[in-house]
1. Based only on other Cβ atoms within 10 Å, what is the fewest-to-most ordering of 364, 1, 164?
2. P(r) tail for segment 220-371, what percent of Cα pairs lie past 25 Å?
3. Would you please give the residues with an amide H less than 5 Å from that of residue 45, counting only those at least 5 places away or on a separate chain, with H modeled from the backbone geometry?
4. For residue 123 and residue 363, FRET efficiency with R0 = 60 Å and r from the beta-carbon atoms, rounded to 0.05?
5. Just to be sure I understand the model, the point goes 7 Å from the Cα along the line to the Cβ. What's the resulting residue 68 to residue 352 distance in nm?
6. Given labels modelled 7 Å from the Cα in the Cβ direction, how far is it in nm from residue 283 to residue 209?
7. List every residue whose amide H lies under 5 Å from the amide H of residue 347, counting only residues 5 or more places away in sequence or on a different chain, with H placed 1.01 Å from N in the peptide plane.
8. For residue 103, which aspartates and glutamates qualify as cross-link partners when the Cα separation must be under 16 Å and same-chain residues fewer than eight apart are set aside?
Amino acid sequence: MPFSKLGLSAPLLQAIAEAGYATPSPIQIQAIPAVLDGHDLLAAAQTGTGKTAGFALPLLHRLSQRSYGANRPIRVLILTPTRELAAQVGESVAQYGAHLHPKLKTEVVFGGVKINPQMMRLRGGADILVATPGRLLDLVNQNAVKLDKVETLVLDEADRMLDMGFIRDIRKIIALLPKKRQNLLFSATFSDEIRKLTTGLLTNPIKIEVAPRNTAAETVKQIAYLCNKASKADLLCHLIKTESWQQVLVFTSTKHGANRLTEKLNKIDIHAAAIHGNKSQGARTTALSGFKAGTIRVLVATDVAARGIDIALLPYVVNYELPRAPADYVHRIGRTGRAGEEGQAISLVSHDEVGALRVIEKLMGGVIQRDQVVGYEASAIAPPMPVEAPRAPRPPRNTIVKNTGAKKNPAKNKINVSASR
Ligand code: AMP
């Protein structure tokens with residue numbers, strides 16, 4: 001199905017063509033007509049499925065049908081969990097709306113930067129506001145923004161917002177909106193908490209559950225290297241060097257851990273930068289652009305900071321520590337193998353994390369292949385490390401993960417424990 005069949009206006013089709021999108025992704029095919037018709041939406045989709053265009057294009061279309069001129073009340077409110085995602089959604093909306101006449105105004109606000117410039121910008125009004133919940137409430141409390149004309153509310157990565165403790169803020173924001181409005185909710189996972197939020201928020205929503213974009217071509221090879229906790233940093237350095245990884249996203253569970261690892265990598269001339277909640281927005285942006293440009297080889301991130309980062313064709317994602325919430329594993333490895341490229345998700349698993357690995361496997365519906373690297377094996381002093389025969393895991397629903405199973409590991413310096421059992 002071509003984009004031209006979805007009912008979008010010519011200026012939007014022009015922007016789509018300029019973005020280089022040949023055909024709509026599955027979520028776009030379903031979401032665009034539904035949103036154009038004014039329906040509520042409940043979409044199981046994560047980053048990489050094309051969800052942003054799925055809601056932004058039809059909302060731009062609807063907004064451009066009726067212009068408010070100079071006196072612009074906020075008509076579309078998009079809430080995102082992180083600054084990075086807010087900035088990216090803002091950029092995408094501006095890109096898709098570039099040829100609309102009259103132009104629609106989009107503003108992006110998030111915490112961690114000065115509030116005054118945001119207040120000044122909002123004085124001129126905006127048709128679309130992309131915001132993180134906390135900062136939006138600060139702006140509301142300072143009378144810098146009014147939400148009484150909002151026609152559509154978008155909750156992007158709703159599961160993430162709840163994980164980050166934004167539920168009270170979200171409920172406060174919803175209470176400020178007109179009762180009659182369109183609601184679109186996007187979430188990668190559906191916990192009881194999300195279900196609770198959707199009840200009462202959505203009216204007869206159209207439910208969309210899509211196999212992610214490029215599923216057939218998208219592959220993520222998952223592997224767990226069993227090792228001792230104390231040798232994780234050395235093992236990572238070893239892998240980066242011997243495997244010549246040039247662009248690696250590494251997840252740590254703590255900000256301190258991210259800083260320590262970054263220092264260690266830089267000491268041995270592996271150029272690394274950390275992004276986490278204690279870093280200024282400027283530092284994060286610099287790190288991210290350096291990583292995208294290739295001047296920074298390793299980006300070390302905590303889950304919260306990494307959320308929403310859009311880096312195309314990321315070849316390697318490393319779980320330096322397994323995430324506490326198993327759903328985060330799905331989010332993390334969703335950063336690799338995107339846009340049809342093969343990616344590798346490598347987890348460094350110490351003895352105390354084997355239980356967490358099992359929980360993740362349960363969620364994923366399969367076993368992740370275990371290996372050890374010669375010289376960095378998990379010591380036998382600790383409790384025995386259970387090893388299971390690798391088999392192709394079933395990809396979970398609603399994720400972009402497609403596991404290729406136990407493909408032969410090309411690196412000669414590794415032993416396949418399960419094979420030598
Ligand atoms: P998202 O899931 O919204 O984060 O989008 C993931 C990536 O897919 C972004 O880099 C978009 O620019 C890109 N994208 C969105 N829609 C399409 C499409 N129909 N064809 C190709 N790329 C797309």
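1. Numbers: 364 21, 1 9, 164 18.
By the 10 Å Cβ count, ascending, the order reads 1, 164, 364.
2. Working: 2392 of 11476 pairs.
Roughly 21 percent, rounded to a whole number.
3. HN-HN under 5 Å from residue 45: 187, 188.
4. Approximately 0.80, to the nearest 0.05.
5. 5.2 nm
6. 4.2 nm
7. 223, 224, 225, 319
8. 91, 127
Just so you know, all these numbers are worked out from the coordinates, no wet-lab data involved. Computed from a predicted model, the values in this text were never measured in an experiment. Using ideal geometry, Cβ is built from the backbone for each residue, glycine included, and neighbour counts are taken over all protein chains shown.
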